[in-house]
Every structure is written in structure tokens, then in C-alpha cells.
Amino acid sequence: MLLENTCEKSVLFAQPSILSALKIEQVPPNAKPFLRWVGGKSRLLNSILPYVPEKMNAYHEPFLGSGAMFFALRGRATKSYLSDLNAELVNAWTVVRDEPVAFVNKLVDYETRQGEVAYYEVRSEAPEHRVDRAARFFYLNQTAWNGLWRENRFGVFNVPFGARAFRGIKEDFLASVTASLRDVSIELTDFRQVAANAKKGDFCYFDPPYLPISDTSKFSGYNGKRFRFEDLVELSDLCKELSRRKVNWIVSNRDNEVMRELFSHARVISFTTRRSVAAQTKRHVQPKDSPEVIIVGGPNS
Ligand SMILES: C[S@@+](CC[C@H](N)C(=O)[O-])C[C@H]1O[C@@H](n2cnc3c(N)ncnc32)[C@H](O)[C@@H]1O
């Protein structure tokens, strides 16, 4: 199969001599998400950021994904607590924070693993060491169809090839991501854990998976466990509790009656965006208008 954009400028795979000179603390922070992630909020930031408090103590983002909001807010919080329930995702974030040189060295192994056959080989592998797992995760994230991370109920990644070349990661970009993660807490944990940590003056951003439009929807979730209506009810209760504690918070989701009813205790703001959704043929995506909502709560709302 042909690879997309193979004629673009070549990969900036790290050379050992450059790696030894990588001085993370000297890199100016120009960081942004290093992963492709379905439901990533990069393109919606302009609609959400006006409602985010200018000042906050700690920042909590428990549905982390690619962390678009975290990168957009860099510097506003005294301390950031990031978490997600996808073990491979959280491992990759942790390795990028703690072992960027080992990570970029490992990516060199994937330089020659281009194309469909190599993709399915990598997909079938199950490395155990955290750095090897992070490199495989990053490779699959960059080359899978639509950047989708989907696992079956046994936790096995099952997304088809996306016909994209693997280009590695640019060292200076990786260094700026690593620099912005210094002192950041990254945990593999459920969103309910926020209840134990959030204090007055903190800000929480919740971007849970959208509930499937129908019960027959094939997308079974980012981590083998489906996010269900009952989870959304518990998120609404958690948000009520945060408001009582004078914690500011925002929830993003699809605009629908369920959301409006569940979050009638807070301020509901609707807007529309263009989203890429799966088309009839599995390999293609098409743009579609999507009604979005943010719910704003806490003392600033
Ligand atoms: C819509 S995505 C978040 C996208 C993110 N805002 C971004 O910009 O990339 C939802 C995330 O929630 C995670 N997730 C699903 N159920 C969860 C749960 N119960 N607790 C914590 N995270 C969960 C998924 O693994 C996924 O990464």
C-alpha cells in the first residue's frame, strides 16, 4: 500500500551524538500535544479557553488523552495532576516525562518499520519494558487509522493500518514536551480520584468520552472499558461536590438533552464545530457539523 506524504522532508530521527547533548532544562517551552487522539480538543480550545480561570492553584485533567488543554494552560497552575484510564497512554506520557532520551533512541528501531506489513507486525507485538511499550504506542498512534486507540474487551489494540509513514519525533519538540512535564503528576487512575485531590482554588477540566449515539455503536472505548451513562451521572455528582468546595471546573461533551439535564446545576454553553467522523468506507473520514457543549461550574461561573 502507498504511504501518505512519503515525499515530504525526511524524519528527524535522533542521532546518538545529538542525544548526548540534549539539555532539556535549556529548551524553551513551546510544547503542544505529541499524540493524535480521537476527541482531542486542540481545535476546540478557542471556544473553551475564555471560560477557563486566569488564576488557579492546582490543575486537574483526569481524561487526559493527548492533553490539549494541559498544554494550552501551561504555566497557569502551581501544580498539574494528569490522569487517564488507558494504561499504554499513561505509560507513554510517563516515559516522555522521565526517560525522553531512551524513548527517542528506541524510536530509531522503528525507522525502517514502514508500511502495512510492518504495522501489523508491530501491532501483534507485546513488549514488556516501559520504554519499549511507549515506543510501540507512539508508532501505532502515528500510523493507525485516524490515530485511533481502540482496544477489544481483552485489552488488545485492534485498529487497522492508517496508510501513514512513521516519522519519529523531532528532538527539540520532544524536549519542550518533557520540559513542560517537569513536576507534573501523571497517574493511571479513574476520574473519580479527582474527588480526593481537588481543593478550593483549583481548576478541573473533564473531557470524558462521548456516549455512543446508539447502543449498537461499534466503538468500545479507548481502554477496553466503555464509558457509560452511569459514569456521566457520577461525573455530574462529582462536579456538584467540587462546586461546594469552591473548585472551578469545566466539562466538555456532545450537546444533547442528557447532558443538559444531568448538568442543570451549572452553566451550559453550546456551540457547533466541524468534526472528522468515520465515513461509510472504513478508511475514510468526512467533516460533519457537530453540536458541542461545555458546562462551567464553581465560584467563577
Ligand atoms: C475524549 S478523550 C480526552 C481527549 C483529551 N481532552 C485530548 O485533548 O486529547 C477521553 C479520555 O478519557 C479516558 N477515559 C475513559 N474512561 C475513563 C475513566 N473512567 N476515567 C479516566 N479516564 C477515562 C480515555 O482513555 C480517553 O483518553
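The values are calculated or read from the model by the stated rules, or taken from the named source; none is laboratory data. Only a predicted model underlies this, so the values are computations on that prediction, with no experimental measurement involved. A quick note on method: Cβ atoms are made from the backbone with ideal geometry, for glycine too, and the neighbour counts reach across all protein chains shown.
Remarks
- Evaluation of Ala144 against (1) surrounded by fewer than 19 Cβ atoms within 10 Å (Cβ to Cβ); (2) more than 18 Å from Ser83 (Cα to Cα) (one fails), failing number: (1)
- Per the conditions (1) farther than 17 Å from Val159 by Cα; (2) touching a residue at least 24 places away in the same chain (Cβ under 8 Å), the sole criterion not satisfied by Asn86 is (1).
Conditions (1) out of contact with any strand residue (DSSP E or B) (no Cβ under 7 Å at 6 or more places or on another chain); (2) under 23 Å from Val38 (Cβ atoms), marked per residue:
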site	(1), (2)
Asp109	yes, no
Ser124	yes, yes
Leu148	yes, yes
Val156	yes, yes
Ala163	no, yes
Arg182	yes, no
Ser185	no, no
Thr189	no, yes
Arg192	yes, yes
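Residues checked against (1) over 26 Å from Ala87 (Cβ atoms); (2) surrounded by 13 or more Cβ atoms within 10 Å (Cβ to Cβ); (3) at pLDDT below 95:
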site: Tyr210; (1), (2), (3): no, yes, yes
site: Lys218; (1), (2), (3): no, no, yes
site: Leu232; (1), (2), (3): no, yes, no
site: Leu262; (1), (2), (3): yes, yes, no
site: Val268; (1), (2), (3): yes, yes, no
site: Ala278; (1), (2), (3): no, yes, yes
site: His284; (1), (2), (3): yes, no, yes
site: Asp289; (1), (2), (3): yes, no, yes
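- Looking only at the stretch 122-155, residues that are in contact (Cβ under 8 Å) with a residue 60 or more places away in the chain and assigned to a loop (DSSP other than H, G, I, E, B) come to 7 in all.
- Residue satisfying all of: in the stretch 223-265; part of a strand (DSSP E or B) and either aromatic (Phe, Trp, Tyr) or without any contact (Cβ under 8 Å) to a residue 60 or more places away in the chain (or both); nearest to the ligand (Cβ to nearest atom) among these: Asn253
- Answer from Phe137, Phe103 - the residue that is under 14 Å from Leu174 (Cβ atoms), crowded, with 16+ Cβ neighbours inside 10 Å and either at pLDDT 95 or above or touching an Asp or Glu at 6+ places or on another chain (Cβ under 6 Å) (or both): Phe103
- Asp183 vs. criteria of a type in the set (D, E, K, R) and on the phi > 0 side of the Ramachandran plot: yes
- Selection within the stretch 46-69 - near the ligand (Cβ under 10 Å from one of its atoms) and exposed (fewer than 15 other Cβ atoms within 10 Å of the Cβ): none
- You will find that of Asp132, Asp84, the residue that is away from the ligand (no atom under 16 Å from the Cβ), within 22 Å of the chain's Cα centre (by Cα) and at pLDDT 95 or above is Asp132 and no other.
- Val90 passes every criterion in (1) in contact with a helix residue (DSSP H, G or I) (Cβ under 9 Å, 6 or more places away or on another chain); (2) within 16 Å of the ligand (Cβ to nearest atom); (3) at pLDDT 95 or above apart from (1).
- Of all residue pairs spaced 6 or more apart or on separate chains, those with beta-carbon atoms under 7 Å, a first member in the stretch 46-69 that is closer than 21 Å to Asp183 by Cβ and in a helix (DSSP H, G or I) and a second member that is within 13 Å of the ligand (Cβ to nearest atom) and small (Gly, Ala, Ser) are Ala68/Gly40; Ala68/Ser42.
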